[in-house]
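The values are calculated or read from the model by the stated rules, or taken from the named source; none is laboratory data. Because the structure is a prediction, the values reported are computed rather than measured. Every residue, glycine as well, gets a Cβ built from its backbone with ideal geometry; the counts of neighbours run over all protein chains shown.
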Amino acid sequence: MYKNLHDMSVLNIVGFDGTFAFGESTYGDGEVFGPMSGCQLEAIYLRTGQVEIRSDGRIFNLSAPGMALVASHDRLEYRYGPTDMSNVLWCQYMSGQLDAAKITALAPHCGVMSLSAAATSLMKIGADLPSDIYSEMQNFSSALGIAVLEELLGRKKMQKTVAEIPIQVHRVRRYIEEHLESAIKMSVLAEVSGLSPQHLNRLYKSTFDENPLDYLWRLRVRRGAYMLRHTGMRISQIAYRTGFKTPNHFARLIKKKYNLSPRELRAQKWRGEVGASTVQTE
């Protein structure tokens, strides 16, 4: 159904017309919510306390403040404690038309995750909605619920992507970003990675579908374009500050990327914002 986590989408699982319920609940030590049978999909934000989440035989322990994305196709249960009081915000899919096969594919990628400021804000908005207006604001609650779950699934995808990047590639990428002004050759990057240039090139390309020097020049052009748009530095200064040997080389790559000269790219951003006389172009 899905080749991997990156192919998954909450929208594909619940559909455009999926309905969600939001709420806030407080539980004492030893209180249990559930068990619930059948397919379940929800997000919880534990603001205080602790909870043990039992989902289809898998057990997650969540401590406040924390979040969890939960998907189950058979049995779901929450056991609160051992703290005296646990307060939780929740976002639950309610349409009752979940595809068991899709939930089964999604479930292994769910569980406890780091706090998301975006998801917590959205869940607070949902929890503050009066329950009697859900039917009148179905489209809004649907969009809100999908946004919460997509945010958490997106964070899971990002965590998995970072975890899959080889440490040697991490080192090279960080070195490039921190030494953009320096003369960087493949031999230098190979030494940073501890690999031969050929091995590094193959490993980096298999990870990011470009070689390290491609990334270097792409980053230099992007940084240079940012400085053109947001500073009054001379074009030649920007070229040297971003690692180009000559302003002409910088201008050629800017033109290739944006189909504009450095002056034109700067003017496009600055036109109407500051007087032309305040911008240094040489």
Exercise. Among the strands (runs of 3 or more DSSP E) confined wholly to region 34-82, which include 3 or more residues that are over 11 Å from CYS110 (Cβ atoms)?
Worked result: 40-48, 50-55, 58-63, 75-80
Problem set entry | Residue list for region 228-266, restricted to those being farther than 26 Å from LYS185 by Cα and touching a Ser or Thr at 6+ places or on another chain (Cβ under 9 Å) | GLY232, ARG234, ARG263, ARG266
Seminar exercise, completed: Exactly one of ALA100, ALA105 is in contact (Cβ under 8 Å) with a residue 40 or more places away in the chain, aliphatic (A, V, I, L, M) and surrounded by fewer than 18 Cβ atoms within 10 Å (Cβ to Cβ), and that residue is ALA100
Problem set entry | Total residues in region 75-134, condition farther than 17 Å from GLU150 by Cβ, among the β-branched types (Val, Ile, Thr) and modelled with pLDDT under 85 | 2
Exercise. What's the number of the condition ASP209 fails, among (1) surrounded by 13 or more Cβ atoms within 10 Å (Cβ to Cβ); (2) closer than 27 Å to PHE250 by Cβ; (3) not polar (S, T, N, Q)?
Worked result: (1)
